[in-house]
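For reference, the structure discussed in these notes is given below.
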Amino acid sequence: MAKNHPPNRKEADMPDSLKSAVTDFQTKFLAFDIDAIPKATRDLLSAGCGLSDFLTACIPCMEEIGNKFEAGEYYLPQLVVAGEMFKIASRQVKAVAATDSGCKYIGKIVLATPKGDIHDLGKDIFAVLAEASGFSVQNVGVDIEPKILVQEIEKTGATILGLSCLLTTTYASVRETVRLLEEKGLRNSTRIVIGGGATEKSLVEKLGVDAQTRDAYEGIGIIKSWAAQTGSDIETKEAVA
Amino acid sequence: MNSAKRIYPKDSMTAQQRFDAAVRLETPDRVPLSLMLYYFAPVYAGVSMHQYMADPGTYASVMKKVWEEVGPWDIYYNIHPVSRLIYSYVLMMRTLWPGYELAEDEMAKVEEITYMNPEDYDSVIDGPELLGDTLFRLRMLGRFCKEAEGAGIASLATRMIIHLARQVRNWRKDFKWWREQGAAIQIGCQAEMPFDTFSQARNVLNFSMDLMRTPEKIGQASTRLAASYATFSVTVARLMGVPTVQCYCHRSSNSFISPKQFEELALPGLEVVVNRIVDAGMTPILHCDGDWLKNLPSMRRLPAGKVVLQLDGLTDIFRAKEVIGDRMCIFGDVPAALLAEGTPTEVGEYCHRLIEEVGKGGGFILAAGCEVPPNAKAECVRAMVDAVKKYGYYGERVSPPVAA
C-alpha cells in the first residue's frame with residue numbers, strides 16, 4: 001500500500017455479514033467458478049460492500065493467483081479467467097457504487113499498445129491485474145500515437161505509463177513518447193514500463209524507459225514498488241533483473 | 001547454375017545437403033543459415049509494403065536485391081501470399097493487409113476475432129476424419145475472411161482449388177530462380193495446427209474457459225483433425241516440390257498453456273501430424289512461438305532426427321539444446337529486438353555463441369527468432385551472414401564465444 005494514502009478498510013474491520021459474503025466470494029473466485037461470480041457479487045452488495053471493500057476482497061485473491069503463476073503452478077488460462085471474473089464483479093459493483101469516493105487507489109496508470117502494433121491481449125490482462133491490485137487504470141487501446149499517450153498522462157495525472165510491445169515496429173513510438181514527455185516536463189514524474197514479446201531488458205536503456213517486464217505479474221510487482229515510492233526517488237532508472 | 005551451386009567458396013556441401021544433414025542431426029560442413037526476412041525486405045529496398053505484397057514481379061525484384069546486397073544465405077523463407085483466400089485458410093485468422101485494410105506502407109497484421117462456438121468442437125468430434133480439417137477450415141472461413149463471406153462449402157472448395165493452383169504455379173516459378181542461386185527452399189506447405197487454431201478461433205478468454213470446463217473436447221477435436229491436416233499438407237508440399245511442412249504452433253507454448261495441458265491435449269494431435277509427415281518422407285518444421293522449455297521433455301517421443309524445432313527467442317535455446325538437441329534439429333533464434341536495436345558486434349557475438357553451443361556437433365540452423373523484423377538494421381542482418389562465414393565451419397576451431 002502506498003505510504004501517502006490511508007489504507008482501505010481491512011477485512012477484519014468489516015461487519016460479520018460482509019465478512020461472510022467476502023469469504024464466499026473469495027472461495028468462488030479462487031475456484032475459478034466464473035458462473036457463480038455474479039451471484040457472489042450480488043451477495044457482497046447486499047451485505048453493504050462498496051468499491052473499496054470490493055478491492056479489499058479481490059486483492060488477496062489476485063495475489064494468491066499471482067504467486068501460483070510465478071511458481072509455475074498456474075498458467076495464462078487462470079490469469080485470463082481471474083481477470084474476467086474481476087471484470088464481471090467490478091462492473092456490478094461500480095454500477096451500484098456510483099462514484100469512487102472512499103476508495104483509495106495506490107496509483108494511477110495509463111496503458112496502451114503503441115502506434116505500430118494492434119495486439120491487445122497482454123495489455124488487457126495487465127490492465128485487469130493492475131486494477132485488481134488497487135490501481136486506477138486508463139486503458140487507452142491499441143496502435144496509439146505518442147501525443148495521445150502524453151495527453152492521457154496530462155489528463156489523468158497518472159504517474160505510470162505501461163506500454164505493450166509485441167512488434168519491434170513500436171520502438172519508434174516508445175522513443176517519441178519519451179521525447180514528448182520530456183518536452184512537456186512530465187518525464188521526471190512519469191515512470192514507464194514496457195512489456196511484451198518484442199521487449200527485453202537491454203531496451204530499458206536503449207529506449208529510455210524505466211523497466212521491462214517479462215510477464216504481467218512481474219509487471220504488477222514493478223508498478224507496486226513504484227507506487228510505494230511515490231514522491232521519492234522518481235528519477236531513479238530501474239532495469240529489473 | 002543450379003541447386004548444386006555452393007553458397008560460399010569454402011562450402012563443401014550444397015545448401016540442401018546442409019539443411020538435410022542438420023535435420024538428421026549430423027554435422028554438415030558448416031551451420032546452415034535461414035534469413036526469414038519477408039517483412040524486412042521491402043523496407044530495405046524502399047518499396048511500399050502494398051506493392052511488394054500485391055505484385056509478384058515487385059516481390060521477386062525486392063528479394064533478388066536483398067539476396068545480392070545482404071546475402072547470400074542457405075534457406076529461402078517463402079511465405080509470400082499470392083492469394084488472400086489461401087493465406088486466411090492456412091493462418092485461420094483475420095488478416096489486415098497494406099493497401100486493403102491498412103495504409104500502403106503498414107505491415108500486415110492479424111486481428112483476433114471470435115468465430116468458433118463451443119458446439120463446433122462437437123461437430124469436429126462427430127464429423128468425418130477424412131478431410132475433417134479441410135472441411136472445418138472451409139466451414140470457418142466464411143465467418144472471418146472477407147473473400148469467403150457468403151460462400152457455400154462446395155463453391156468455396158472450388159475457389160480454393162483455383163487459388164491453390166495459381167499459388168503453386170507462381171511458387172514453382174519463384175523457386176526456380178532460388179534453386180539456380182543454390183538456395184534450399186524452406187516451406188512446402190504451412191498451416192496453423194488444429195489445437196492452436198481452436199485457441200485463435202475461440203479467443204484467449206473463451207479458450208481459457210474451455211480448457212477449464214471441457215478440456216477433453218479440445219483434445220479430442222484437435223486429434224480428430226490431425227490426420228486430415230497432415231494429408232492436406234503433404235499433398236500441397238508434393239505439388240510445390242518441397243518436402244517440408246511448417247506447422248504453426250502459436251498457442252501451445254507455456255506462455256499460453258501448462259505442460260500438462262500440452263501433453264494431454266495438444267501433443268496427441270501434434271504426434272499424429274508429425275508421424276504422418278515423416279512417414280511421407282517429409283520434414284515437419286514446428287514453428288514454436290513463446291516459451292516451450294517445459295513442453296520439450298514430452299516432445300522427446302517424436303521421431304529422432306526427423307523434426308525441426310523453430311524457436312523465436314522466448315524459449316531458452318541453450319537449455320533446449322540440452323533437453324532435446326539429441327532428438328530435434330534446433331532452428332533460431334537471434335531476437336528481433338537485437339536485430340532492430342543492437343549493433344553488428346552484438347549480433348555477431350550472439351550468433352557465435354549460438355553456433356558454438358547450440359550448433360555443437362550439428363543439428364542446428366541459424367536464423368532470426370520468428371522473423372527478421374521490418375525495422376532491423378541491414379548491418380545487423382549482414383552480421384548473421386558474416387557469423388556463419390567466420391564461425392560456422394565445423395572443421396575449424398575459432399576462439400570461444402563471449403559468454404552472455
What residue, of A:Ala112, A:Ala198, is modelled with pLDDT of 95 or more and either closer than 24 Å to B:Glu341 by Cβ or out of contact with any Gly (no Cβ under 8 Å at 6 or more places or on another chain) (or both)?
A:Ala112
Mind telling me which of the residues A:Val193, A:Val204 ends up being in a strand (DSSP E or B), of a type outside the set (Ser, Thr, Tyr) and under 21 Å from the mean Cα position of the chain (by Cα)?
A:Val193
Expected single match for in contact with a Lys or Arg (Cβ under 7 Å, 6 or more places away or on another chain), within 14 Å of chain B (Cβ to nearest Cβ) and not in a loop (DSSP other than H, G, I, E, B) among A:Ile37, A:Ile65 is A:Ile37
Which one of B:Lys5, B:Lys65 is surrounded by fewer than 20 Cβ atoms within 10 Å (Cβ to Cβ), at pLDDT below 95 and of a type in the set (Lys, Arg)?
B:Lys5
Taking A:Ala82 and the conditions (1) within 11 Å of chain B (Cβ to nearest Cβ); (2) more than 30 Å from B:Leu96 (Cα to Cα); (3) in contact (Cβ under 8 Å) with a residue 60 or more places away in the chain, which numbered condition does it fall short on, given that it satisfies the others?
(3)
Could you tell me how many of the residues in the range B:8-26 are surrounded by 17 or more Cβ atoms within 10 Å (Cβ to Cβ) and in a loop (DSSP other than H, G, I, E, B)?
5
Only one of B:Met36, B:Met53 is surrounded by 19 or more Cβ atoms within 10 Å (Cβ to Cβ), touching a strand residue (DSSP E or B) at 6+ places or on another chain (Cβ under 9 Å) and not in a loop (DSSP other than H, G, I, E, B); which?
B:Met53
May I ask you to list the residues in the range A:179-227 that are more than 14 Å from chain B (Cβ to nearest Cβ) and of a type in the set (A, V, I, L, M, F, W, C)?
A:Leu180, A:Leu181, A:Leu186, A:Ile192, A:Val193, A:Ala211, A:Ile220, A:Ile222, A:Ile223, A:Trp226, A:Ala227
Taking into account only those residues within the range B:307-321 that are away from chain A (no Cβ under 14 Å) and under 16 Å from the mean Cα position of the chain (by Cα), which is nearest to A:Ile194 (Cα to Cα)?
B:Gln310
Any chance you could count how many residues in the range B:224-267 are in a helix (DSSP H, G or I) and either under 20 Å from B:Lys306 (Cβ atoms) or within 14 Å of chain A (Cβ to nearest Cβ) (or both)?
22
Of the conditions (1) within 14 Å of the chain's Cα centre (by Cα); (2) at pLDDT 90 or above; (3) not β-branched (Val, Ile, Thr), A:Lys155 satisfies every one except a single condition; which number is it?
(1)
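Conditions (1) modelled with pLDDT of 95 or more; (2) assigned to a helix (DSSP H, G or I), marked per residue:
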position	(1), (2)
A:Gly116	no, no
A:Glu131	no, yes
A:Ser136	no, no
A:Lys147	yes, yes
A:Val150	yes, yes
A:Thr170	no, yes
A:Glu182	yes, yes
Counting just the residues of the range B:329-360 that are outside any helix (DSSP H, G or I) and without any contact (Cβ under 8 Å) to a residue 60 or more places away in the chain, which one comes out surrounded by the most Cβ atoms within 10 Å (Cβ to Cβ)?
B:Val334
Give the number of residues within the range A:1-34 that are modelled with pLDDT of 95 or more and part of a loop (DSSP other than H, G, I, E, B).
3
Qualifying residue in the range A:24-43 (condition: without any contact (Cβ under 8 Å) to a residue 40 or more places away in the chain and within 21 Å of the chain's Cα centre (by Cα)):
yes
Residues B:Leu270, B:Leu265, B:Leu225, B:Leu296: which one is of a type outside the set (Ser, Thr, Tyr), touching a Ser or Thr at 6+ places or on another chain (Cβ under 9 Å), surrounded by 19 or more Cβ atoms within 10 Å (Cβ to Cβ) and within 21 Å of B:Leu164 (Cβ to Cβ)?
B:Leu225
Restricting the range B:168-218 to residues that are within 14 Å of another protein chain (Cβ to nearest Cβ) and touching a strand residue (DSSP E or B) at 6+ places or on another chain (Cβ under 9 Å), the residue that is farthest from B:Arg139 (Cα to Cα)
B:Asp196
Starting from residues that are aliphatic (A, V, I, L, M) and over 18 Å from A:Ala227 (Cβ atoms), keep the ones in the range A:168-193 and report whichever is surrounded by the fewest Cβ atoms within 10 Å (Cβ to Cβ).
A:Ala172
Residue check, A:Ile106 more than 27 Å from B:Ile113 (Cα to Cα) and either assigned by TED's automatic domain parsing to the domain that holds A:Thr213 or hydrophobic (A, V, I, L, M, F, W, C) (or both):
yes
Leading residue by the ranking (farthest from A:Val128 (Cα to Cα)) among those in the range A:68-77 that are at the interface with chain B (Cβ under 9 Å from one of its Cβ atoms) and touching a helix residue (DSSP H, G or I) at 6+ places or on another chain (Cβ under 6 Å)
A:Tyr74
Output the residues belonging to the range B:322-372 that are within 14 Å of another protein chain (Cβ to nearest Cβ) and over 26 Å from B:Thr283 (Cα atoms).
B:Ala337, B:Leu338, B:Leu339, B:Ala340, B:Glu341, B:Gly342, B:Thr343, B:Thr345, B:Glu346, B:Val347, B:Glu349, B:Tyr350
Which listed residue, of B:Pro284, B:Pro297, B:Pro303, is of a type outside the set (A, V, I, L, M, F, W, C) and touching a Pro at 6+ places or on another chain (Cβ under 9 Å):
B:Pro297
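The values are calculated or read from the model by the stated rules, or taken from the named source; none is laboratory data. Just so you know, these numbers come straight off a predicted model, no measurement behind them. Here the Cβ is made from the backbone with ideal geometry for all residues, glycine too, and neighbour counts use every protein chain on show.
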